[in-house]
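To start, the structure under review is shown below, and the notes come after it.
A short reminder: the numbers here are calculations on the coordinates, not readings from a lab. Worth saying up front: this structure is predicted, and the values here are computed from it rather than measured. Cβ placement follows ideal geometry from the backbone for every residue including glycine, while neighbour counts extend to all protein chains displayed.
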């Protein structure tokens with residue numbers, strides 16, 4: 001079945017790098033995403049990667065995709081207290097039908 | 001007003017009530033979505049509308065009834081809900097259905113008593 005799994009919690013010190021991991025089951029995904037949700041707010045798209053890419057870098061964010069292992073990761077360099085939030089991994093494919101599957105989210109807590 | 005807005009932000013309703021959630025997008029997008037976010041569960045896609053036509057309905061109970069009168073507005077009509085329907089309901093929009101980038105509203109926190 002379709003499933004996206006993430007660890008529930010991650011704690012890092014300010015200035016360190018954070019790595020949030022995600023595994024997915026469907027190899028026909030078109031895009032894979034990382035969203036950020038701050039308390040009381042909706043989801044904010046952070047970055048995405050096409051399924052035919054291995055890596056994407058966007059300022060402090062690096063996304064790595066291992067299609068063989070169906071593993072996606074988000075690395076945040078120089079993590080700041082403002083990065084504390086819930087991070088959702090999601091996959092999407094649109095082929096006759098539209099499917100967006102989200103993980104349960106990883107709560108990142110950045111310690112000063 | 002920019003982006004995606006949702007009203008109300010909080011709603012408490014009894015199981016016999018009828019209420020509606022409203023979503024409005026100011027981005028000129030053609031696709032709109034309803035999602036349900038429950039505690040400790042993945043975000044669930046409920047409905048997808050493209051150019052005011054429903055293109056996806058993910059086995060959602062009939063007590064949830066969506067309406068899309070135009071490409072800027074999306075409603076979710078609620079009737080005879082159950083306590084397990086209590087959740088955060090998020091609206092999103094994208095340029096086209098299946099576009100890689102969705103923009104989310106802040107959500108409506110629904111509590112069914």
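A few notes on this one:
- Estimated distance in nm for a label pair at residue A:5 and residue A:81, the labels positioned 7 Å out from Cα along Cα-to-Cβ: 3.5 nm
- Fewest-first ranking of A:108, B:76, using other Cβ atoms within 10 Å as the exposure measure: A:108, B:76
- Label-to-label distance, nm, for residues given as residue B:22 and residue B:63 (7 Å Cα→Cβ offset): 2.5 nm
- Counting neighbouring beta carbons within 10 Å and listing from fewest to most, the residues B:103, A:33 come out as B:103, A:33.
- Here the protein assembly as shown carries DSSP beta bridges of which approximately 90% are antiparallel, counting only pairs with both residues inside.
- Relative contact order computed over chain A (Cα-Cα under 8 Å; 6+ residues apart), in percent: 37 percent
- Put in line by how crowded their Cβ is, counting other Cβ atoms within 10 Å and starting with the fewest, B:47, B:64, A:88 read B:64, B:47, A:88.
- The mean sequence separation of alpha-carbon pairs under 8 Å and at least six residues apart, normalised by the residue count of chain B, gives a relative contact order of 37 percent.
- Förster radius 22 Å - calculated FRET efficiency between residue B:40 and residue B:111 (Cβ-Cβ, nearest 0.05): 0.85
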